[in-house]
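Notes follow the structure.
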Amino acid sequence: MGRLLNRFRIFSFRCQLCTTHFRTYRNQPTDQTSVADRRQYKRLSVSFRANLVTENAVRIDNRVTDISMGGCTLETATALPHGTFIELVIKPASDEEPIKIETAMVCSSRPDSMGIRFLEMVTDDKNRLSQVILSLLVGQSANLQLFS
């Protein structure tokens, strides 16, 4: 069905903040790089502290190096196996309330980092994450305008 809609230049996309899925008509054809990218959300570079808790209640301190509404990359010395379920608490800034992701999963594991997909979080935490993403997007947009 998706390929048929693409022929008529109707593409799906997901809002970076509210996570709602939309379909839209695009007058210009897409470039090949966006078709190959499987991520639904744009990852934004950050440096946040984070604590993860494994199924065995092991607590590990990490650093988030990029983030989106759907997941993040953790820089860590202790890589967990693909498919491991974790709880993650992200601390965007010292004065902000932490964002708790009740259930997340390790989607990729490299020697010094892990790709994490967010699966479950309460509405208040999702709203706080959305505000952090919004401020990152606004900051990124301001930097682009400043240097163009």
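Name the residues in region 70-115 that are in contact with a helix residue (DSSP H, G or I) (Cβ under 6 Å, 6 or more places away or on another chain) and assigned to a loop (DSSP other than H, G, I, E, B), would you? Pro92 - this is the single residue of region 70-115 that is in contact with a helix residue (DSSP H, G or I) (Cβ under 6 Å, 6 or more places away or on another chain) and assigned to a loop (DSSP other than H, G, I, E, B). How about region 77-101: which of its residues are closer than 15 Å to Leu129 by Cβ and either over 17 Å from the mean Cα position of the chain (by Cα) or loosely packed, with under 13 Cβ neighbours inside 10 Å (or both)? Listed by number, the residues that qualify are Ala93, Glu96, Glu97.
Read-outs throughout are calculated quantities, based only on the coordinates presented, and are distinct from any laboratory measurement. Keep in mind the model is a prediction, meaning the values are calculated, not measured. Positions of Cβ are generated from backbone atoms using ideal geometry, with glycine treated the same way; all protein chains shown enter the neighbour counts.
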